[in-house]
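The values are calculated or read from the model by the stated rules, or taken from the named source; none is laboratory data. Fair warning: this is a prediction, and the values are worked out from it, not measured in the lab. Don't worry about glycine lacking a Cβ; one is built from the backbone with ideal geometry, like all the others, and counts go over all protein chains shown. Heavy atoms of the whole protein, side chains included, go into the accessibility calculation; ligands, DNA and RNA do not. Shrake-Rupley method; radii C 1.70, N 1.55, O 1.52, S 1.80 Å.
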Amino acid sequence: MPTVDLIFRIAGVGIITAVLHTLLKQADKEEQAYLVTLAGVAIVLVWVIQLIANLFNEVRAVFQLW
Amino acid sequence: MIGLKLCGALIVIFALGGAGILTAKNYQQHPQQIKSIRIAFRMLETEIAYAATPLPEALAKISGYFSLPVALLFSCTREALLSGEGLTATEAWGVALTAFAPQASLKDEDLEILQHFGSGLGNSDREEQVKNLKLVQEQLKVQEQKAETEREKNEKLWRTLGFLMGAVVALILF
């Protein structure tokens, strides 16, 4: 199942982004800290967006909303 | 297949971690090098003001006391002075500075101070030389304090940041 693998990857990115955020914040680089968080969110969104698109397609197929 | 992937991930993590450590080292060396240069200038001041040593001899003496990147600045100036091309002390200092700059972890600001010092080197009497040396020491002291605060901020950060960046890249590519 590639989806389960993805969950772990997202968890990894989340952990590392959290650590990076605190690290940069402690070093008085708040802007970079927020940038890193934003980048993390964007990366995960790119991974997840395909699955969301699949879900929408499924929903449309199930309810025959073509 | 998974072993190969894991191997690549480890390589990426350690490569970026190494890059981070190198950056941290640069930050660490910056104030140290400024301090050595400042001490060298104080020694040069003593040589000029009290011992009245000729410049090439004084430079040779000083370059013996320091380790490589800083010693290069003084030994290179001496070599340029004695090369027989008829360079003035200012020109010799400039030559040494261009050789020294890529090997040192100094910033443009610090190099500019050194450059400015060179323009007053060896073209006036002893008292003016001493004044010039005192001025450059004061300026370097300010730069040293700045570098020190910067080191405190950045050294630890880069040490960790490199490895974390490596982990992120490995995870994204995995």
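Summary table
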{"quantity": "Count - residues of the stretch A:34-52 that are modelled with pLDDT under 90 and more than 10 Å from chain B (Cβ to nearest Cβ)", "calculated": "2"}
{"quantity": "Flag if B:G94 is under 30 Å from A:G40 (Cα atoms) and among the small types (G, A, S)", "calculated": "no"}
{"quantity": "B:I11 being closer than 30 Å to B:L161 by Cβ, open to solvent by less than 20 Å² (accessible area, probe 1.4 Å) and of a type in the set (V, I, T)", "calculated": "no"}
{"quantity": "Residue in the stretch B:65-77 that is crowded, with 16+ Cβ neighbours inside 10 Å, touching a residue at least 24 places away in the same chain (Cβ under 8 Å) and touching a Leu at 6+ places or on another chain (Cβ under 8 Å) present", "calculated": "yes"}
{"quantity": "Qualifying residue in the stretch B:157-169 (condition: without any contact (Cβ under 8 Å) to a residue 40 or more places away in the chain, more than 12 Å from every other protein chain (Cβ to nearest Cβ) and either assigned to a helix (DSSP H, G or I) or crowded, with 17+ Cβ neighbours inside 10 Å (or both))", "calculated": "no"}
{"quantity": "From B:T23, B:T53, residue being surrounded by 14 or more Cβ atoms within 10 Å (Cβ to Cβ) and in a loop (DSSP other than H, G, I, E, B)", "calculated": "B:T53"}
{"quantity": "Residues (out of contact with any Gly (no Cβ under 9 Å at 6 or more places or on another chain), free of Cβ contacts under 8 Å to residues at least 40 places away in the same chain and more than 14 Å from chain A (Cβ to nearest Cβ)) located in the stretch B:122-155", "calculated": "B:N123, B:S124, B:D125, B:E127, B:E138, B:Q139, B:V142, B:Q145, B:K146"}
{"quantity": "Test result for A:L6, touching a Ser or Thr at 6+ places or on another chain (Cβ under 7 Å), within 12 Å of chain B (Cβ to nearest Cβ) and surrounded by 12 or more Cβ atoms within 10 Å (Cβ to Cβ)", "calculated": "no"}
{"quantity": "Residues satisfying the stated conditions in the stretch A:19-30, i.e. more than 7 Å from chain B (Cβ to nearest Cβ), open to solvent by less than 60 Å² (accessible area, probe 1.4 Å) and in a helix (DSSP H, G or I)", "calculated": "A:H21, A:L24"}
